[in-house]
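Below is one structure, written out as structure tokens; the observations come after it.
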Amino acid sequence: MVPVGLASGDGLPELELMDRLAAEAARVMQTDCQVETQSLPADFAFDEIRSQVWSTPLLAKLQERRRPYGAVLLGVTELDLYVPVLTFVFGEAQLRGPAAVVSAHRLREEYYGMPPNGPSLVERLLKETLHELGHTQGLKHCNDWRCVMSSAHTVERIDIRQAGFCPTCARAIASRF
Ligand SMILES: [Zn+2]
Ligand SMILES: [Zn+2]
């Protein structure tokens, strides 16, 4: 996992949050997960007018990074992400690729004018992480709304998903190894 933010430090996720996320993701995916100390500056993909970061060039930059053989690099940021055809995205991944990125920006209760909720943030971020990692393992969207691979464009939809894969998606991931 790679912290992603602006060179000024804006948008960098707290290390404690990254560590929590890495531990949870490693548990569900049954794999090793390390947090890198060197962050990825996102300034080159930052749109001043939208005040958002275009996620696709971030994936390309992540892909260029050195990584252990077979490893997936997941960028984690507090910055708001977008792709040009959409107002925002919670995250983006390369299908069967080595790079993915997730944003905590719209997963925070504060974004919706509510008091901060740490456990809810970790849960939502974990689900988005599993979803994007699923794409890197070749999974497409799943019709089972409980499955973490179902598509979700609101936090309410994220909240009703389980933090795990349905049997079909789990089998598809297991068959990759
Ligand atoms: Zn998706
Ligand atoms: Zn599924």
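Read-outs: derived from the displayed coordinates by stated rules, not from any lab. Computed from a prediction, not measured in an experiment: that's the story for all the values here. Ideal geometry is used to build each Cβ from the backbone, glycine not excepted, and the neighbour counts take in all protein chains shown.
Order by neighbour count: T37, T56, T77, fewest other Cβ atoms within 10 Å first, most last.
T37, T56, T77
Using a 10 Å cut-off around each Cβ, can you sort R27, R161 from fewest to most neighbouring Cβ atoms?
R27, R161
If neighbour count is taken as other Cβ atoms inside 10 Å, put I49, I158 in order from fewest to most. Can you show the working numbers first?
Numbers: I49 5, I158 22.
Ranking I49, I158 by Cβ neighbours within 10 Å, fewest first, gives I49, I158.
Output the lone cysteines of the chain: those with no second cysteine's C-beta under 4.7 Å from their C-beta.
C33, C169
Report the paramagnetic label zone for Y111: residues of segment 44-68 whose backbone N is under 19 Å from a point 7 Å from Cα along the Cα-to-Cβ axis.
Flagged as within label range: 45-59.
Apply the a/c threshold of 1.5 to the C-alpha gyration tensor of segment 63-177 and tell me whether it is rounded, prolate or oblate.
Oblate shape, in that a/c is at least 1.5 and b/c is the bigger or equal ratio.
According to a simple spin-label model (label point 7 Å from Cα along Cα-to-Cβ), what is the distance in nm between E48 and V83?
It is 2.7 nm.
Pick out which of S120, S39, S150 has the largest mean-square fluctuation in a Gaussian network model of the chain, springs linking Cα atoms closer than 10 Å.
S120
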